[in-house]
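Colleague: This is the structure I have questions about; it appears just below.
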Amino acid sequence: PDEFFAQIAAGAMPKTSQLGVGEYEEFWEPFVAEGKDVLHLTLSSGISGTYGSACVAAQMLAERYPQGGKVRVIDSLAASSGFGLLLEYAADVRDSGASLEETAAWIEEHKLNLHHWFFSTDLSSYLARRSHFRPRARSFGTALKICPLMTVDCEGGLSPREKIRTKKRAISEMAKTMMAHVQDGADYSGKCVMSHSACREDAEAVAALIEEQIPQLKGKIEINNIGTLIGSHTGPGTVALFFMGDKRVD
């Protein structure tokens, strides 16, 4: 990751591509042909077309194997480590003895309780461009040290919420935002995950503030690298926070 983000900082422009229908079909066919059911979560349809590809592949296999296993596709409305956190919770439900349909129902019922909050210190990033900063405004905002605070909305798309001046205040606001939305407030005992793009110290600063206020966090806070897929859009300097809370609202 360090080398990847260093290349972006030096001017590299990475591109991403989504899984195609054929790739899903090839991977699932052995299971379906043997009569095994599949539960699959895709990256949010608000930022990727993989959900559509997965649905087409599932329908094609259903027509090819009418007596075979079924593929249940769910739009996670999540991304990055938030997507991973939703999968962890789903695995816990499955491991408790829930059936595939019961697990799917739990995911559908709770996926909008999974909060995604981001701030970026790089106004040349894709995230900042999506936040309606015009080029001149991005340049001016960089000079003023503005860090846009963003979230993933009810439709799984990126939604700007606030333009915060200085990284120090953005770190503080991130922790305050969690306290305003987290399930059970200071008594939250669920999971919390963070990710960052070449700015681990900033993520650790947010984590320290949260752990002071929520001592019962399950496993404390896991901090991951954002990785190359989402990192291709964020560039360096992004901190993201994921937790279970109240239902997301636009």
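Colleague: Please compute the contact order of the chain in relative form: average sequence separation of alpha-carbon pairs under 8 Å and at least six residues apart, divided by the residue count, as a percent.
Modeller: 22 percent
Colleague: Still on this structure: Quick one: putting +1 on the C-beta of Lys and Arg, -1 on the C-beta of Asp and Glu, what dipole do you get for the chain around its Cα centre, in Debye to the nearest 20?
Modeller: Working: 26 positive and 32 negative charges, 289 e Å.
My answer is approximately 1380 debye.
Colleague: Leaving out ligands, DNA and RNA but keeping every protein chain, what accessible area does ASP250 have, in Å² rounded to the nearest 10, with a 1.4 Å probe?
Modeller: 120 Å²
Colleague: I need the per residue convex hull volume for region 179-250, using only the alpha carbons, in cubic angstrom as a whole number.
Modeller: Convex hull volume per residue, Cα atoms: 95 Å³.
Colleague: Here is a further query. Of the heavy-atom accessible surface of the chain (probe 1.4 angstrom), what whole percent is carbon and sulfur?
Modeller: Working: 6510 of 12460 Å².
So the carbon and sulfur contribution to the accessible surface is 52 percent.
Colleague: For the chain, with a Gaussian network of springs between Cα atoms less than 10 Å apart, report the residue from LEU149, LEU112, LEU229 with the top mean-square fluctuation.
Modeller: Of LEU149, LEU112, LEU229, the Gaussian network model singles out LEU229 as fluctuating most.
Colleague: Which three semi-axes in whole Å describe the equivalent ellipsoid of the chain, each the square root of 5 times a Cα gyration tensor eigenvalue, listed largest first? Display every interim value, and only then the final one.
Modeller: Working: eigenvalues 227, 105, 42 Å².
After scaling each eigenvalue by five and taking roots: 34, 23, 14 Å.
Colleague: So for the pair ASP187, GLU34, with labels modelled 7 Å out along Cα→Cβ, what separation do we get in nm?
Modeller: 4.6 nm
Colleague: For the peptides 236-248, 171-183, what is the packing order when you average, over each peptide's residues, the other Cβ atoms within 10 Å and list the highest mean first?
Modeller: 236-248, 171-183
Colleague: Once you've got the GNM for the chain with C-alpha springs shorter than 10 Å, pick whichever of GLU162, GLU63, GLU211 has the biggest mean-square fluctuation.
Modeller: Judging by the Gaussian network model, the answer is GLU63.
Colleague: Find out how many positive minus negative residues lie around LEU100, taking Lys and Arg as positive, Asp and Glu as negative, among other residues whose Cβ is under 14 Å from that of LEU100.
Modeller: Taking every other residue near LEU100 into account, the sum is -1.
Colleague: Something else now. Taking a probe of 1.4 angstrom, what is the accessible area of THR228 in Å², to the nearest 10?
Modeller: Surface open to solvent at THR228 totals about 80 Å².
Colleague: Follow-up question, since we're still on this one. Quick one: accessible area per residue over the chain, 1.4 Å probe, rounded to a whole number of Å²?
Modeller: 50 Å²
Colleague: How big is D for region 1-68, in µm² s⁻¹ as a whole number, if Stokes-Einstein is applied with the Kirkwood radius of its Cα pairs at 4 °C and 1.567 mPa s?
Modeller: Answer from the Stokes-Einstein relation: 92 µm²/s.
Colleague: Roughly how many Å² of PHE5 are accessible to a 1.4 Å probe, to the nearest 10?
Modeller: It works out to around 10 Å².
Colleague: I would also like to ask the following. Students often get this wrong, so check it: of LYS176/LYS247; LYS167/LYS247; LYS176/LYS220; LYS36/LYS218, which have C-alpha atoms separated by over 24 Å?
Modeller: LYS167/LYS247; LYS36/LYS218
Colleague: Something else now. Could you check which residue among LEU158, LEU39, LEU87 shows the biggest mean-square fluctuation in a GNM of the chain with a 10 Å Cα cutoff?
Modeller: LEU39
Colleague: Here's another thing I want to ask about it. How large is the dipole of region 139-215 about the Cα centre if only Lys and Arg carry +1 and Asp and Glu carry -1, each at its Cβ, rounded to the nearest 20 debye? The partial results should precede the final answer.
Modeller: Working: 10 positive and 11 negative charges, 96 e Å.
With Lys and Arg at +1 and Asp and Glu at -1, about 460 debye.
The values are calculated or read from the model by the stated rules, or taken from the named source; none is laboratory data. Predicted, not measured: the structure shown is a model, and the values here were computed from it. Here Cβ is always computed from backbone atoms with ideal geometry, including for glycine, and neighbour counts include all displayed protein chains. Calculation scope for accessible area: heavy atoms of the full protein, side chains included, ligands and nucleic acids excluded. Shrake-Rupley method; radii C 1.70, N 1.55, O 1.52, S 1.80 Å.
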